[in-house]
Every structure is written in C-alpha cells, then in structure tokens.
Amino acid sequence: MTLRRWLHSSALALIAASGLAAATAGTAQAADHMGGTLNLTGAAAAGTIDPQINYTSQFWSVLFITNDGLVAFKHVSGDASNNIVADLATSVPAPQDGGKTYVFTLRKGVKFSNGQDITPEDVVATFQRIFKVSNPNAGSWYNVIVGSDACLKTPATCTLAGGVVADDAANTVTFHLTQPDSEFFYKLATPFADIVPASTPAKDLGTTAAPATGPYMITSYDPQKNMILKRNPYFKVWNKDAQPAGYVDEINYTFGPKPEDEVTAIENGQQDWMFDSPPSDRLPEMASKYPSSIHINPLFAIYYAPMNVNIAPFNNKDARLAVNYALNRRSAVNIYGGPRLAVPNCQVLPPGFPGYTAYCPYTKNPGTKWSAPDMDKAKAFMKASGQAGAPVTVIADDQNVDPALGTYLVSVLNSLGFKATLKVISANIQFTYIQNTKNNVQISISQWYQDYPAASDFINVLLSCGSFHPGSDASINISGFCDKGIDAEINKNLITAVTDQKAANAEWGKIDHELTDQAPWATMFTPKQLDFVSSRLKNFTFSDQFHMIYSQVWVQ
Amino acid sequence: MSDATTDATLPDTARAARPEGPWRVALRKLMRDRTAVGAIIVLVVIILACCAAPFYATHISQSDPFQSNLDGQITLGGNSVDIMQADTAGLGLGVTPIGPTWRGQYFFGADNQGRDVAARMLYGGRNSLIISFFATVLTLVLAAIVGTIAGFIGGLTDTVLARLLDVLWAFPVYLLAISLSIVFISKGIQIGPFNIPSNSLILPIMIIGIVYVPYVARPIRGQVMSLTRSDFVLAARCLGVPAPRILIRDILPNVTTTLIVFAPLMMALNMLTESALSFLSIGVQPPNASWGTIILDGEDLLYTQPMVAIAPGLAIVITVLALNFLGDGVRDAFDPRAKLRVKKD
C-alpha cells in the first residue's frame, strides 16, 4: 500500500468513523427524546375511527400513524411529503398492461397489533370492505378496479372478483383496473386503503379501532371525552420513510374544550397542540408572547362559497358573476386572521398546486392577482340577472371563522340587492346538509383540503358531473355544476395524466380557468395552517398531506 | 244614573271625603316610590334611545349597522384610521377591530365585521324590548285565559287545564325554549297559508311567550278559585247574575291587578330568556341584532375588544334591574297591606 493510498484509506476510514459517530450520536440524541405523553386537544371528535369510512383531516392525522396501506405518503416535512413510498408492499410496483395492472409484493413479518400476520387475503378483504361499508369515495376513487361495478350495485356481496387477486404462495396482491389511473397510488396511500384484518366486520367500527400496523394503536376512544393511543407492541420499523418509529409513549387526544380554552391550556403547558384554528382575538397575544410556539405552513386548500346552479337565484350565471365581482377577498382574509394566514384566491385550484396557473377575472384590473372588488361590474351583472330582491339563505357551520364568513357573505349579497339571511347550523351536519339537493341550499360556506396532490382532487371531485348525486348527502359537487363539455375535457385529461403528467397539468390549468369563468363558486381565499404548540413540543414535523405528524414530535 | 251626575249632586265636602279609586291609589303610591320612579325614568331613556336607532345610525354613527365594513376607515383626530387593524407587532398575526372611540362614530368600537357596536346596540335593544314586551303580553293573555277558565269553571275543565300546565311546568324553562327554538328556527312555521319565516321576530315572541304561561296561569287559577268562593260572588250568583257577567264584572278586575304586578317581572324574565336564546344563535337571526346576538359577536373579541360583549351585557343588566325595581314598586302599589302603610304615612 503506498503512502498516498494509505492516506486515502485512512481519510475514508476517518470520514466513515465520524459519520458513524454522528449517526450514533444522532440515534442517541433521538433516543433521549423517547417517552412521555403527547397531549392533543380538539373542540370535538371527528366521528368514527373506521379507516374505510372516516373522511376528516382530524382523524386522518391519527390514522396516518396507526395504520398502513400498501404504499404511503412519505412521513417527512416539506414537498417530499407528497411523494409515494412503499409501505406494506416491498416496493412501489411498475405499472403493467398499459397501466391497468399492478402487482404488489407484501413485506413478510409485518403484524397487526393483535399479533396476526398481514396476508394477501387481508388486502383483498380490505378492498372488498371499502365497498361493503359504503366508503364515501368508493364510487369515485375505487371504481376503476375490475369488479367494482357489481360491488357498487350490491355492496354486501362484493368480491371484486378479478379486480384484486391474492397469491399466498408468492405473497402478492394483483390489482386489475378497467382503465389506467394516474392517481391510483395516491388513492392507495390514503387511510381509506389502510389494510385491516380480513376478519374485520363489514360495518362501521364506530368507536372501536381496527387492529393497527403503525407505531401506535388506539386503545380507547370516547367521542365525548378523549382518545388514547399507546405503542403498538408488534411494530418494527420496516421503512422509516413510510412509517417511522414514534417518540412519545402515549398520545392523549382530549375532546370538548372551546378553542379559547385550548389556547390557554397550551400556554399553560397543559396541552401540547390544538386541532382547531386559534380564535382571532388570541392571535396578537400568541404572536407577541409565544412566537416560537407558532408554526405557519402553506396548505393546499380553499375556502369558497358554492352557489347552487340549479335553483334560483344562482341558476342565473349573471347573478353568480355579480357575487364574484362584489366579494372583497381581502375582507374574507381579514376575517380568517389577516394576510399572514391566508391568500386571496379567485379560482378552483390553490396556489402552488399541480396544474395551478394564477388567474383572477373577478377583480379590478383582471389578471393573475386579486386586487379589489369591482362593484360597478358586480352591479351591472346584478341588474342583468334581474334577481334583485330575491331571497337568499346562506348556510354556514358554527365552528371557527365560518359564522363570520357567513355574516360577511350576507352583507355582500344584501349590498347587491338580494334579501339575504344567514342560517348557522351545527358543524356536525352542515357539510352533508349543503350537499343534499333536497335541502334546496342556495349558497353556503365550505372548505376543501386536498386528499392528495393532483388537480383532479379539486376539479374532478368537486365540479364534475360524476360527483353530483341529487338527493344524496354524499354529493360533493355542492353547486350541482355539470357542464358536459368541461366534463369531457376532465375525463380526457385523466387519461392523459397516466402517460404525460406535464401535459395533463397544463390542461388542468386550462380547465381550472374555464371553471372559474363559469363561476359555480365564489372562491374566497387559500388558508395557511397555523399550529400552536406547547413550549415543550419539539421536532415539529409538518406533512402537506396530514399536517403535524404526531409520531415525529417529542415532548422531552 | 251616571257617576258624573252623582258627583255633581254631591256637596263639596262629601266629594272630598269620597275614597280614591284603587287605580289612583296605586299610581299615587307608585309615584311615591323613588326606586320605582327611577326605574321608570331609566326605562323611558332606554326605550327612547332604542327608538332613535335609525337617527343615530344615519346622523351620528354614519354607518349601516347591518352591513360588514371590514375594509372601511374613519377619521379620528384628523387621521384616517382602519376599522379593522392588522397587528403589526411580532409575527403580525390577526386583525383586530377598532376599540371604543367614545365619540359619535364607533362609540363602543367595532365588532368582527367592522360594524358600529353602539348603533347595533340601539337596533338590538329595540328587538330585545319588542320581543320581551310582546312575549310578556302573550304570556299574560294566555295565562289569564287559561287560569280564569280553569279556576272559574272548575271540575273536569280545571283538571285537564291544570294538568296541562303541570306538564308544561315540568320542563325546565330554558330547555323547553331551546328545544322549541331549534325546531322552529330551522324552517320557520307554516300553518296553512300562513308562513312565519325562521328569521321573524314572531318566533322568539311565541316561544318565550308560551313557555312562561304556567308561571302566571297557576297563581291566576288559584286566585280565581278563591274569588269564585268569595261572599260577593256567591251573593251575585244567588241574585241570579249570569256567570259571564260575574266573570267580567267581579273576577277579571281582581285578576287584572295580579297581571299588572306580573308584567314588569315577566318582561325582565323574558328579556333574559331572549338574550340567552339569541346568544345560542336560536333567537334573533343575523343580520338582525339583539343584545344577546351582540354578546355572541363579542365572545370572539373578549381578549382584544371586550367592550363589544360588555356594552350589551350592561344594557341587559340595567334594563332587567329597572324592570325588577319597577315590578317591586308595582307590587307594593297594588298590595293591600302596602295600602295600610301608605295611610299610616
């Protein structure tokens, strides 16, 4: 060995040793933070904890650390949190048969929290269960699986024959789709597709938790009181990107306190994090006294006022345009907490989302950015609509800023000449109430947060003909908007996205602008997420998908 | 022969010795009660102020108290000031409405919609007073009818009506009012061709008016039963006076004083109930206002602009106290034992 080679080898050894030392130190440092109880709080629980049924951001954050699918969104902060990684599958499979077949190989040795091994049968049963329990998106997300038609017609006897096929010998599960789906992995990475044992009853589990696969399991849940999560004794890290180990030993999620009390409890160190948005009157105090406890992150979401395009007065496009031109989005932003916490928005897609290109026709000096309401145009459209004096009821829920936004919208409508009133109803029922056409809701206050990072999650889900189900509580196209021409473009672009995501995103941008011009909504703003945490909570990790990752923060 | 003719034929000394009527005595006694007079003055001031709400909004506040004004500005000390003020310290989070200016515009500051709280208080006070007054009238009328019929007719009619009152009485009054409000506020009331919309003031008037009926009807029933057995009613019956005439000439005048004593106390109670229902969003519906809804608006501003909740709260306290003092005064004025005390004075 020459001196030069020796020096080189020594240097490499030194680097490796220091790297190892750093890694060891890092592990030791991480180990120092293990333990303790993380105290979370929310004004109310979010209903069932059945992963195949619950469709709330509040409990998806919980299911994110208790259960796993074949693939997962990466458990990290930042843009990388939108990336898909293998979870219960050994790898993310390459599409076969032109994007209509996917073969997943299951990891061996992964167990449920009841000690059972995860088998291909469990995967098949899980996807059957999606239909059997009438998953909210069974007909819109999982209807591409072969056999889903029969399952949608008669859920109780769902087999998905030929659609999801288990091979015990090879430890694989094969999915056959009726057509390529560019968002299939995203749909598999949401809690709807979390794998549960085949023996799980085909009915809503309610307050009983399905056996967990993640680092934590729900040991008790009382929607009126609290939820307790403890470590899953059978959990071992198989892919830290998909499901890393948790720091705290226990998580106690308390339900009931009002947001005012939640803020006070966090300031006093009695709670570590609150689900609800802090009341606006506490923001200045929080910002001045506890700046290091505040974390602000962008959200892919919108606050909007869907207008029912099928009943008066908003079956008149001019009336809808009048509302859009009259809406002072700066005022709406101020109600939400000011420009640091929200950005005015005129269109369907939120800024920064795939397919988004800035567009705002409903402003003085139309272009890419909203600047001010244009009351002259608003009044001209109102006059053209002939709807002056029409009675309008705005439906808002009773939580957070929604009543204030509803009051503001009433004011805007009255300034245009409508006879508007506000009806505030419980947040527990408002979201389904405004979807059902039987309730004849004319206009309401609503929000939409991304399920996964694809433009279709806003455009196709919220404004396609397929999402409009008259007379149903599950008609997420609240406006009842159905334009056959735009719908054809949407369907065409869903196919394009399978092979050319870039072209598809450009097309989504175009469709977004067309929809904005049709004005089925009055989009108000895109909010940001403000997390207020206790002084002892560290290593704050924020996923674009599921927000604060409870398993990655530590409290000691 | 009319009373006037009788008076004219009486000598002056006899006219002077003639005892005053019970109403005049009661009024005289009421006017001697300084607390009651003070309460009347306070109530008159409040009522006049509330009646002047449109004038105040147009000429003093110069704003529409039902329209959001989140982007507006006012001039204070020569400077233009935002009504909704963005926090510029620290992280710059939150937007706070302007506080009390103690001047014409935004005297009590703005609420979270940038509306003038003082102007809204006057409009809200008007609604609170209207609801509590008419609910009181409804309670007293219904209670008088039910109580008088039950007490006068007796028998099966009394049993049925008394048990109905017992059933109504058995419900906690706020629980009953909240339950009725939730049912009716959601869709209003449709009775045949008549529709009462959910935002109508008639709904809280009806709900509050009905839930308090047993509180007045039961004592009225007891009083009527007692009067029915009194000597002068027995005498009238023996003389063959028809029952309706006995009811109108002998029973009702005696019951009226009880109703008058109840009136201010019930109005105070109704005002508190209305405020509670409106605070719970099941009373007066936005954009309309009442003191209860303004307190609800102020709930979200307790830390930054507490005056939004304090001002209507104080208005309720002052009005209810005045009504209670007036009620005490009226009771003393109509109380026969109090009459003795006045004579002694």
Revision key, fill the gap. Segment B:88-156 and segment A:380-455 have their Cα centres apart by a whole-number Å value of 25 Å
Revision key, fill the gap. Quick calc, A:ASP222 & B:ARG34: beta-carbon distance into FRET formula, R0 35 Å, rounding 0.05, result 0.05
Exercise for review: Just check segment A:301-529 against the gyration tensor rule for me: Cα atoms, a ≥ b ≥ c as the square roots of the eigenvalues, rounded for a/c under 1.5, and otherwise prolate or oblate depending on whether a/b exceeds b/c.
Suggested key: rounded
Check your understanding: Near the amide H of A:MET307, under 5 Å away, which other amide H atoms are found, from residues 5 or more places off or on another chain, if H is placed in the peptide plane?
Key -> A:TRP521, A:ALA522
Revision key, fill the gap. Net charge (Lys, Arg +1; Asp, Glu -1) of residues whose beta-carbon lies under 14 Å from that of A:GLN529, A:GLN529 excluded, is -1
Review point. In whole angstrom, how far apart do the alpha carbon centroids of segment B:230-250 and segment A:294-345 sit?
Key: 71 Å
Revision key, fill the gap. Around A:PRO520 (Cβ within 14 Å, Cβ-to-Cβ, excluding A:PRO520; K/R +1, D/E -1) the net charge comes to -4
Point to revise | Inter-centroid distance (Cα atoms) of segment A:214-245 relative to segment A:488-533, Å | key: 34 Å
Review point. Length gain on complete extension for the stretch B:LEU239 to B:ASP71, per 0.36 nm per residue less the alpha carbon to alpha carbon distance?
Key: 52.7 nm
**Study point:** Placed amide H near A:ASP483: partners under 5 Å, 5+ positions off or other chain
**Key:** A:CYS465
Check your understanding: Under 15 Å from the 7 Å Cα→Cβ point of B:ILE47, by amide nitrogen: which residues of segment B:135-169?
Key -> B:135-137
**Study point:** Amide hydrogen neighbours beyond the local backbone of A:VAL394, cut-off 5 Å, H modeled
**Key:** A:THR421, A:LEU422, A:LYS423
Study note, to complete from the structure: Log10 I(q)/I(0) at q = 0.06, 0.09 Å⁻¹ for the protein assembly as shown, from Debye over equal alpha-carbon scatterers, is -0.55, -1.02
Exercise for review: Please find the FRET efficiency linking A:LYS236 to A:ARG536, where r is the Cβ-Cβ separation and R0 is fixed at 22 Å, and quote it to the nearest 0.05.
Suggested key: 0.20
Practice item. With a 4.7 Å Cβ cut-off, tell me which Cys residues in the protein assembly as shown come up empty for a partner. Key: B:CYS50, B:CYS51, B:CYS238
**Study point:** Normalised contact order of segment A:301-529, rounded percent, pairs of Cα under 8 Å and 6 or more residues apart
**Key:** 34 percent
Point to revise | Spacing of the two label points (7 Å from each Cα toward its C-beta) at A:THR208 and A:ASN114, in nm | key: 0.8 nm
Review point. Remind me, relative contact order of chain B in percent, using alpha carbon pairs under 8 angstrom and six or more residues apart?
Key: 22 percent
Study note, to complete from the structure: Once the in-chain neighbours fewer than 8 apart are removed, the lysines whose Cα is under 22 Å from A:LYS203 read A:LYS132, A:LYS153, A:LYS187
Review point. Which ³J(HN,Hα) values in Hz, rounded to whole numbers, follow from the phi angles of segment B:225-239 under the Karplus curve 6.51 cos²θ - 1.76 cosθ + 1.60, where θ = phi - 60° and Gly and Pro get x?
Key: 4, 5, 5, 4, 8, 6, 4, 5, 6, 4, 5, 4, 5, 4, 7
Review point. Whole-Hz Karplus ³J(HN,Hα) for segment B:110-121, in order, using 6.51 cos²θ - 1.76 cosθ + 1.60 and θ = phi - 60°, x for Gly and Pro?
Key: 10, 8, 6, 10, x, 8, 6, 5, 4, 5, 5, 5
Review point. Once the Cβ-Cβ distance between A:GLN556 and B:VAL81 is put in as r, and R0 is 45 Å, what FRET efficiency do you end up with, to the nearest 0.05?
Key: 0.40
Revision key, fill the gap. Charge tally for neighbours of A:GLY47 with beta carbon under 14 Å away, counting Lys, Arg as +1 and Asp, Glu as -1, is -4
Point to revise | Cα→Cβ-extended label distance, 7 Å offset, between B:LEU27 and A:GLN518, nm | key: 7.2 nm
Exercise for review: Stick to the Cα atoms of chain B, pair each with every other, and give me the Kirkwood hydrodynamic radius in Å at one decimal.
Suggested key: 23.3 Å
Review point. Hey, quick one: spin label on B:ILE196, modelled 7 Å out along Cα-Cβ, who in segment B:120-162 has an amide N within reach, i.e. under 12 Å?
Key: B:135, B:138-139
Practice item. Multiply the residue separation of B:LEU164 and B:VAL137 by 0.36 nm, subtract the distance between their alpha-carbon atoms, and state the gained length in nm to one decimal. Key: 7.7 nm
Study note, to complete from the structure: Cα-Cα longer than 29 Å, checked against A:LYS383/A:LYS423; A:LYS100/A:LYS502; A:LYS258/A:LYS538; A:LYS225/A:LYS438, kept in input order, equals A:LYS225/A:LYS438
Practice item. Determine by what factor the alpha-carbon radius of gyration of segment B:238-316 differs from 2.2 N^0.38 Å, reporting the quotient. Key: 1.85
Exercise for review: Pop out the ³J(HN,Hα) list for segment A:50-65 in order, Karplus 6.51 cos²θ - 1.76 cosθ + 1.60 with θ = phi - 60°, rounded to Hz; leave Gly and Pro as x.
Suggested key: 6, x, 7, 10, 4, 10, 10, 5, 4, 8, 5, 5, 6, 5, 4, 10
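Here, each number is a calculation from the coordinates, and none is a lab measurement. Keep in mind that what you see is a predicted model, and the values were worked out from it rather than measured. As a convention, Cβ positions derive from the backbone with ideal geometry for all residues, glycine included, and neighbour counts pool all protein chains shown.
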